[in-house]
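J.: Here's a structure for you.
The values are calculated or read from the model by the stated rules, or taken from the named source; none is laboratory data. Small disclaimer: the values here were computed from a predicted structure and weren't measured. Cβ sites come from the backbone with ideal geometry, for glycine too, and all protein chains shown count toward neighbours.
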Amino acid sequence: MAKAKSNTLKLNFDTSWSYAPAPENKSAATIKKQYDLFINGDWVKPSGNKYFDTINPANEEKLSEVADANMADVDAAVKAARNAYEKIWKKMPAKERGKYIFRIARMIQEKARELAIIESLDGGKPIRESRDFDVPTAANHFFYYAGWADKLDYAFPNRLSEPLGVAGQIIPWNFPLLMAAWKIAPAIATGNTVVLKPAETTSLTALKLAEIIQESGLPEGVVNIVTGAGATGAAIVNHPDINKIAFTGSTEVGKIIQRAIAGTNKKATLELGGKAANIIFEDAPIDQAVEGVINGIFFNQGHVCCSGSWLYVQESVAKEVIRKLKDRIESLIVGDPLDKNTDIGAINSRQQLETIDKYLNIGKKEGAEMYQSSCSLPGKGFWCRPTLFTNVAQSNRIAQEEIFGPVLAILTFRTDDEVIEKANNSPYGLSAGVWTDKGSKIFNMTRRMRAGVVWANTFNKFDPSSPFGGYKESGFGREGGLHGLLPYLNLIN
Ligand code: NAI
Ligand code: MG
């Protein structure tokens, strides 16, 4: 009798059940064995005949090889972009330009499934993220800026605007397709032409976008996509016939770019690192806030410049919040990025995993208490368990520096003034979050926080119509929305 009873209890309270695997089908995506450079509407071999591998970070298997563009290739791409700018694109009626951009948006939607699969294979992010966020938001950016193409007179009333010319665009590995859309759509909508370089670990969706662009019939040379690592990026930055640099990536490279273009006429927008503070007040709906914090730092392996990697909890509710966070990370599913149940995929590269591990050690050495989920990790590939640090001091490096991994540093506070001062005490200022039941407190906080975006009772929400960009070492210039048009235009009267 007694035995039967304990069995029933076990059945009712055992939480160790798991979902059956639900993997997306790899064969729904076509990946070529080798990719050349997309220059002047055509696929061109790299002049140095060099290629490098791109791997799947979830199993370290090679997916394809990608051309390594040198200075001569970058020069050919810039020449193609200049030619297309002078001869076709700047002369084309804006409403015709818009039609091409609408077409690209629709084609991204048509190929959404394939793009999502390739994004998850090449970069390691869960298919749920690439399918439900990255790819649809990329299409939305093209739709949104297609709409602006022939309405610039309304964007800047009584002003005459003209495009800048050729834009050099360099993007990172955390949102490969979305960052390409984010950069290309406003540039070509405003009449500029483009040379874009994706990150070396995640070139494939940008190359798929090049296929879409080719199929869309966009005039040759309006968008050129060159692949390669930092040296290719530097060749773009230093090319004398580039009029504007748009960069998203590390603060370190952002500073190199600023120095490189000092004294030239090149315009620049830089979207750099971040250390976003998420602030939970005692009157917040706690379960909703906990879910928002989890979403803000873990669902993308923490590979988001605006990740909520820094949590301030009001002292009176800190115990409850920390307990709920610990319970919740225990239920997060870490594993195959192609599985539709996966919450946390693979870390993008070995190098990034080493950076994250370095910070885990720093955190422990600094005396913070580390708590990790007990989940098992796959044998191959680059993985990190969701991690919480408590007993963190404001001055600790894990509370000050960008970790870019699924690692949350938790601190407490007592008063509004105290938390504002602490949250603003950072070299970064890209984003922040506030969780409270009181509308007046939201407005009070958002006004005083030095961050480009402040979310209230939500986190990591994006829309093409809202501007995005940082304060301080998070960079300058705004992308998205009406504000995102201006960095690609000269207002001439
Ligand atoms: P990174 O800044 O080196 O790479 C970003 C892009 O810049 C890539 O396309 C890269 O090839 C290119 N690049 C590298 N050196 C260049 C140069 N001298 N001139 C022109 N282009 C150059 O970033 P990395 O090394 O991949 O990541 C390091 C750290 O940066 C991360 O741990 C994270 O903290 C931060 N990061 C921030 C991002 C953001 O969204 N703000 C995105 C990626 C990384
Ligand atoms: Mg890869």
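J.: Please enumerate the residues belonging to region 49-79 that are within 24 Å of the chain's Cα centre (by Cα), away from ligand 1 (no atom under 16 Å from the Cβ) and small (Gly, Ala, Ser). Walk me through it before giving the result.
T.: If we filter region 49-79 for residues that are within 24 Å of the chain's Cα centre (by Cα), which is where we start, we get 52-69.
Still in the list and also away from ligand 1 (no atom under 16 Å from the Cβ): 56, 58-65.
Matches in region 49-79: 58, 64.
J.: Can you report the number of residues in region 1-32 which are modelled with pLDDT under 95, more than 25 Å from residue 334 (Cα to Cα) and in a loop (DSSP other than H, G, I, E, B)?
T.: The number of residues fulfilling the criteria is 1.
J.: On the given criteria, is residue 299 among the hydrophobic types (A, V, I, L, M, F, W, C), away from ligand 2 (no atom under 16 Å from the Cβ) and in a loop (DSSP other than H, G, I, E, B)? Break it down stepwise before answering.
T.: Numbers: among the hydrophobic types (A, V, I, L, M, F, W, C): yes; away from ligand 2 (no atom under 16 Å from the Cβ): yes; in a loop (DSSP other than H, G, I, E, B): yes.
Against the criterion (among the hydrophobic types (A, V, I, L, M, F, W, C), away from ligand 2 (no atom under 16 Å from the Cβ) and in a loop (DSSP other than H, G, I, E, B)), residue 299 qualifies.
J.: Right, something else. Out of region 229-243, which residues are out of contact with any helix residue (DSSP H, G or I) (no Cβ under 7 Å at 6 or more places or on another chain), within 19 Å of residue 46 (Cβ to Cβ) and surrounded by 17 or more Cβ atoms within 10 Å (Cβ to Cβ)? First the steps, then the outcome.
T.: Taking region 229-243 first, the residues out of contact with any helix residue (DSSP H, G or I) (no Cβ under 7 Å at 6 or more places or on another chain) are 229-231, 233-234, 240, 243.
If we keep only those that are within 19 Å of residue 46 (Cβ to Cβ) as well, we get 229-231, 233-234.
Scanning region 229-243 gives 233, 234.
J.: I need the full set of residues from region 420-448 which are under 22 Å from residue 288 (Cα atoms), of a type outside the set (D, E, K, R) and in contact (Cβ under 8 Å) with a residue 40 or more places away in the chain, in order please.
T.: Once the filter is applied, which keeps residues that are under 22 Å from residue 288 (Cα atoms), of a type outside the set (D, E, K, R) and in contact (Cβ under 8 Å) with a residue 40 or more places away in the chain, region 420-448 yields 423, 431, 432, 433, 434, 435, 436, 445.
J.: Going through 257, 279 one at a time, which residue ends up being in a strand (DSSP E or B) and at pLDDT 95 or above? Let's see the steps before the verdict.
T.: Numbers: 257 fails: in a strand (DSSP E or B).
Going through 257, 279 in turn, just one is in a strand (DSSP E or B) and at pLDDT 95 or above: 279.
J.: Could you say which residue among 202, 264 is within 23 Å of residue 34 (Cβ to Cβ), of a type in the set (S, T, N, Q) and within 16 Å of ligand 1 (Cβ to nearest atom)? It would help to see each step written out before you state the result.
T.: On the way: 264 fails: within 23 Å of residue 34 (Cβ to Cβ).
Being within 23 Å of residue 34 (Cβ to Cβ), of a type in the set (S, T, N, Q) and within 16 Å of ligand 1 (Cβ to nearest atom) holds for just one of 202, 264, which is 202.
J.: With the structure loaded, tell me whether residue 234 is part of a helix (DSSP H, G or I), among the small types (Gly, Ala, Ser) and within 16 Å of ligand 2 (Cβ to nearest atom) or whether it fails that test.
T.: Details: part of a helix (DSSP H, G or I): yes; among the small types (Gly, Ala, Ser): yes; within 16 Å of ligand 2 (Cβ to nearest atom): no.
So residue 234 fails the test.
J.: Kindly list, by first and then second residue, each pair from a residue in region 225-239 that is in contact (Cβ under 8 Å) with a residue 12 or more places away in the chain and within 20 Å of residue 64 (Cβ to Cβ) to a residue that is crowded, with 24+ Cβ neighbours inside 10 Å and acidic (Asp, Glu), limited to pairs with Cβ atoms under 9 Å and residues at least 6 apart or on different chains.
T.: Hits for this filter: 226/73; 228/73; 232/73.
J.: If you check residue 246 against the conditions, is it assigned by TED's automatic domain parsing to the domain that holds residue 121, within 16 Å of ligand 1 (Cβ to nearest atom), closer than 30 Å to residue 429 by Cβ and buried (at least 22 other Cβ atoms within 10 Å of the Cβ)? Please lay out each step first, then the result.
T.: Values: assigned by TED's automatic domain parsing to the domain that holds residue 121: yes; within 16 Å of ligand 1 (Cβ to nearest atom): yes; closer than 30 Å to residue 429 by Cβ: yes; buried (at least 22 other Cβ atoms within 10 Å of the Cβ): yes.
The answer is yes for residue 246.
J.: Residues to consider are 155, 206, 187, 167; find the one that is surrounded by fewer than 23 Cβ atoms within 10 Å (Cβ to Cβ) and of a type outside the set (Lys, Arg). Spell out the reasoning first.
T.: Details: 206 fails: surrounded by fewer than 23 Cβ atoms within 10 Å (Cβ to Cβ); 187 fails: surrounded by fewer than 23 Cβ atoms within 10 Å (Cβ to Cβ); 167 fails: surrounded by fewer than 23 Cβ atoms within 10 Å (Cβ to Cβ).
Answer to the check: 155.
J.: Would you mind stating whether residue 230 is modelled with pLDDT of 95 or more and near ligand 1 (Cβ under 9 Å from one of its atoms)?
T.: yes
J.: Kindly indicate which of 480, 470, 484 is within 29 Å of residue 281 (Cα to Cα) and among the small types (Gly, Ala, Ser). Give the steps one after another, and end with the answer.
T.: Working: 480 fails: within 29 Å of residue 281 (Cα to Cα); 484 fails: within 29 Å of residue 281 (Cα to Cα).
Only one candidate qualifies: 470.
J.: Residues that are within 16 Å of ligand 2 (Cβ to nearest atom) and assigned by TED's automatic domain parsing to the domain that holds residue 161: find the strands (runs of 3 or more DSSP E) completely inside region 33-134 holding 1 or more of those. Lay out the reasoning, then the answer.
T.: Numbers: elements: 37-39, 42-44, 51-56, 61-67.
Because the criterion is at least 1 residues that are within 16 Å of ligand 2 (Cβ to nearest atom) and assigned by TED's automatic domain parsing to the domain that holds residue 161, the strands (runs of 3 or more DSSP E) in region 33-134 that meet it are 51-56, 61-67.
J.: Considering region 58-74 alone, what residues qualify as being aliphatic (A, V, I, L, M) and more than 20 Å from residue 208 (Cβ to Cβ)?
T.: From region 58-74, those aliphatic (A, V, I, L, M) are 58, 63, 66-67, 69, 71-72, 74; that's our starting set.
Listed by number, the residues that qualify are 71, 72, 74.
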